[in-house]
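Engineer: What follows is a single structure, and I will ask about it in a moment.
Taken together, the values in this text are just the output of simple stated rules run on the coordinates, not laboratory data. Just so you know, these numbers come straight off a predicted model, no measurement behind them. Cβ coordinates were reconstructed from backbone atoms using ideal geometry, including for glycine residues, and neighbour counts include every protein chain displayed.
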Ligand SMILES: C[S@@+](CC[C@H](N)C(=O)[O-])C[C@H]1O[C@@H](n2cnc3c(N)ncnc32)[C@H](O)[C@@H]1O
């Protein structure tokens, strides 16, 4: 997981401005590679990672054990254990299609963002991209519902995000959707 998504993550993170003092949340943090990348970007800020899998939390904590500004939480995007308006930036890499109620969960992300804060969703699992056939199999095997690029725009807008942008790198089969909290 950590290695496979690294280049996709680097590309996705170019879509969001992360300041050195920012407070950042990585949702569905898996093995913690994105958390580590973010921690290096916010040397005077803080990064929280959260995942609902015990195994992911354990690996993520190990990956980031040496970082001074990282904390990894166990929990679901359905009920984030943070007060309203905590984060400047929230990220979600290859995870949103597992979320149990996407629009409601995106509203929960919006709740923990500060006004003016940004959410970035990064994925290679979506409909209508370069890897369409593989993704159809993945949908069946993993029992997930993948979205088309325009559906990413719709779900973010429905959840209440402003300035929603969707960028697709077609030759790689990567998608990135961003939205801002007004
Ligand atoms: C394919 S992995 C991606 C991990 C990591 N973001 C990366 O890019 O390597 C998906 C992750 O999302 C997590 N996840 C799925 N549903 C979740 C939920 N409802 N709340 C929090 N994490 C969730 C899984 O446990 C898993 O670690």
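Engineer: Quick one: work out Rg over Rh on the C-alpha atoms of segment 19-91, Rh as Kirkwood radius.
Structural biologist: 0.93
Engineer: Would you please classify the overall shape of segment 132-182 from the alpha carbon gyration tensor, given that a ≥ b ≥ c denote the square roots of the eigenvalues, rounded means a/c under 1.5, and beyond that prolate means a/b larger than b/c while oblate covers the rest?
Structural biologist: Taking the square roots of the gyration eigenvalues as a ≥ b ≥ c, segment 132-182 is oblate.
Engineer: Same structure again: To the nearest 10 degrees, how steep is helix 102-112 against the longest Cα principal axis of the chain, on a 0 to 90 scale?
Structural biologist: 20 degrees
Engineer: How high is the relative contact order of the chain? Use alpha-carbon pairs under 8 Å, at least six apart in sequence, and give a whole percent.
Structural biologist: With pairs under 8 Å counted, the relative contact order is 20 percent.
Engineer: Taking other Cβ within 10 Å of each residue's Cβ, how do 176, 29 sort, fewest first?
Structural biologist: Neighbour counts put them in this order, fewest first: 176, 29.
Engineer: Per-residue ellipticity at 222 nm for the chain, helices alone: DSSP H runs ≥ 4 residues times -39500 (n - 2.57), over residue total, nearest 500 deg cm²/dmol?
Structural biologist: One gets -9500 deg cm²/dmol as the mean residue ellipticity at 222 nm.
Engineer: When the expected Rg is taken as 2.2 N^0.38 Å, what fraction or multiple of it is the alpha-carbon Rg of segment 19-60?
Structural biologist: Against the empirical 2.2 N^0.38 Å value, I get 1.12 for segment 19-60.
Engineer: Rounded to whole Å, give me the distance from the Cα center of segment 75-124 to that of segment 126-145.
Structural biologist: 23 Å
Engineer: Among DSSP bridges having both ends in the chain, what percentage is antiparallel? Round to the nearest 5.
Structural biologist: Beta bridges within the chain, antiparallel portion: roughly 40 percent.
Engineer: Report the residue, chosen from 147, 13, 156, that carries the largest GNM mean-square fluctuation when the chain is represented by alpha-carbon nodes joined by springs under 10 Å.
Structural biologist: 147
Engineer: Can you give the Kirkwood hydrodynamic radius for segment 36-182, in Å, rounded to one decimal and based on Cα pairs?
Structural biologist: It works out to 16.1 Å.
Engineer: Could I ask something else about it? What do the square roots of 5 times the Cα gyration tensor eigenvalues come to for segment 64-126, in whole Å, largest first, as semi-axes of the equivalent ellipsoid?
Structural biologist: 19, 16, 12
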